[in-house]
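Asks: Below is the structure I would like to discuss, written out as structure tokens.
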Amino acid sequence: MQTGAIADTFGNIENLVTLTSGQYTMGSLILMVSYGAHFAFIIYFLMSSLQLAPRYRIVPVLSAVVMASAGLSLLREFSTWQAAYTLIGGQYVPATDGESFTNAYRYGNWTITVPLLLSQLPIAFGLARSVTHKKIIRMSIPALLMIWTGLIGQFGETGDFARLNLWGVISTVFFVWLIVEVRGVITAGIANSPAEIKAWPANLWWYFLATWGLYPIAYALPQLGASGDVVVVRQLLFSIADISSKLLYGIILSGYVL
Ligand code: RET
């Protein structure tokens, strides 16, 4: 755990462990597939907006914006990953000079993407304009507090688990508040949906819980120990969560408003 005092204080566990070439390559691959998928779907969402009634076009357009923003952030994670390790004797050792890896950029990116993802819901459900604006603000407040308290806490993962857990619990309180607000929007969405697609908002509720619920698991994972496997599994969890909560979610919502 002596890989640089600064990394210990303000880093992520990625900077503490030596990776096998398999683990390193898996990490690169996971990040590469993630940013590649997000960039590619910019085209899909822009084109699918052309098929929609004008008032719903903003739904896939917002997905395209989320794709661009997340794609850039994940590209940055990928290049930082590549710069953060040095190949020594067949092992990928955390670089002692230059760049260190951080997941903190993700939290910065969520500050943009999460309010956009939440905004898509009342717009897709066709709620009245004044209700939509109110719902977006009511969801965005707990969402941003959840992200920023999590950002403070994740700096504790290299050893200060009290910090990780305290801020994790505070962040979870905001997550529960957010879930209550989202449930309200889903209920309004069910009431506002034509009979043949009433099941969509109801199912989307479970999808939301299952996919957003992956992020706190990834956050807590370093407590299992700083090992190469934990590093790779966490990037995989983040990626599955990213692709399902943004990309697949966007496809589902575009299908709903079609
Ligand atoms: C944190 C900190 C630990 C507790 C909880 C968290 C929840 C994070 C979530 C993030 C969702 C992000 C999305 C990003 C899309 O771009 C902050 C990890 C509850 C739910 C959907």
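Asks: Please go through the stretch 191-223 and give me each residue that is over 20 Å from Ser245 (Cα atoms) and in contact (Cβ under 8 Å) with a residue 12 or more places away in the chain, ordered by number.
Replies: Within the stretch 191-223, the first condition is being over 20 Å from Ser245 (Cα atoms), and the residues that meet it are 191-198, 222-223.
Selection gives Asn192, Ser193, Ile197, Pro222, Gln223.
Asks: Suppose we filter Ser48, Ser100 for residues that are surrounded by 15 or more Cβ atoms within 10 Å (Cβ to Cβ), small (Gly, Ala, Ser), in contact (Cβ under 8 Å) with a residue 60 or more places away in the chain and farther than 27 Å from Leu127 by Cβ; which single one remains?
Replies: Sole residue among the options that is surrounded by 15 or more Cβ atoms within 10 Å (Cβ to Cβ), small (Gly, Ala, Ser), in contact (Cβ under 8 Å) with a residue 60 or more places away in the chain and farther than 27 Å from Leu127 by Cβ: Ser100.
Asks: Right, next: So which of Ile123, Ile112, Ile137 ends up being of a type in the set (A, V, I, L, M, F, W, C), open to solvent by 50 Å² or more (accessible area, probe 1.4 Å) and more than 16 Å from the ligand (Cβ to nearest atom)?
Replies: Ile137
Asks: Check Leu87, Leu117, Leu75 and return the single one that is under 24 Å from Ala188 (Cβ atoms) and either outside any helix (DSSP H, G or I) or within 17 Å of the chain's Cα centre (by Cα) (or both). Break it down into steps so the answer makes sense when it comes.
Replies: Values: Leu87 fails: under 24 Å from Ala188 (Cβ atoms); Leu75 fails: under 24 Å from Ala188 (Cβ atoms).
Going through Leu87, Leu117, Leu75 in turn, just one is under 24 Å from Ala188 (Cβ atoms) and either outside any helix (DSSP H, G or I) or within 17 Å of the chain's Cα centre (by Cα) (or both): Leu117.
Asks: Scan Thr80, Thr96, Thr25, Thr102 and give me the residue that is of a type in the set (Val, Ile, Thr) and either in a strand (DSSP E or B) or out of contact with any Ser or Thr (no Cβ under 8 Å at 6 or more places or on another chain) (or both).
Replies: Details: Thr80 fails: either in a strand (DSSP E or B) or out of contact with any Ser or Thr (no Cβ under 8 Å at 6 or more places or on another chain) (or both); Thr96 fails: either in a strand (DSSP E or B) or out of contact with any Ser or Thr (no Cβ under 8 Å at 6 or more places or on another chain) (or both); Thr102 fails: either in a strand (DSSP E or B) or out of contact with any Ser or Thr (no Cβ under 8 Å at 6 or more places or on another chain) (or both).
Thr25 is the lone residue from the list that is of a type in the set (Val, Ile, Thr) and either in a strand (DSSP E or B) or out of contact with any Ser or Thr (no Cβ under 8 Å at 6 or more places or on another chain) (or both).
Asks: Of the residues that sit in the stretch 216-240 and are within 10 Å of the ligand (Cβ to nearest atom) and buried (at least 21 other Cβ atoms within 10 Å of the Cβ), which one is nearest to Ser63 (Cα to Cα)?
Replies: Looking only at the stretch 216-240, we keep the residues that are within 10 Å of the ligand (Cβ to nearest atom), and these are 216-220, 238.
Next, only the ones that are buried (at least 21 other Cβ atoms within 10 Å of the Cβ) stay: 219, 238.
Details: Tyr219: 25, Phe238: 18 Å.
Once the filter is applied, the top-ranked residue is Phe238.
Asks: Scanning the stretch 146-195 for residues that are part of a loop (DSSP other than H, G, I, E, B), open to solvent by less than 30 Å² (accessible area, probe 1.4 Å) and away from the ligand (no atom under 14 Å from the Cβ), which turns out nearest to His133 (Cα to Cα)?
Replies: Taking the stretch 146-195 and keeping what is part of a loop (DSSP other than H, G, I, E, B), we get 155-160, 193-194.
Cutting the leftovers down to open to solvent by less than 30 Å² (accessible area, probe 1.4 Å) gives us 156-158, 193.
Next, only the ones that are away from the ligand (no atom under 14 Å from the Cβ) stay: 158, 193.
Working: Thr158: 40, Ser193: 19 Å.
Filtering the stretch 146-195 for residues that are part of a loop (DSSP other than H, G, I, E, B), open to solvent by less than 30 Å² (accessible area, probe 1.4 Å) and away from the ligand (no atom under 14 Å from the Cβ), the one nearest to His133 (Cα to Cα) comes out as Ser193.
The values are calculated or read from the model by the stated rules, or taken from the named source; none is laboratory data. Computed from a predicted model, the values in this text were never measured in an experiment. Cβ: placed from backbone, ideal geometry, glycine included. Neighbour counts: every protein chain shown. Calculation scope for accessible area: heavy atoms of the full protein, side chains included, ligands and nucleic acids excluded. Shrake-Rupley method; radii C 1.70, N 1.55, O 1.52, S 1.80 Å.
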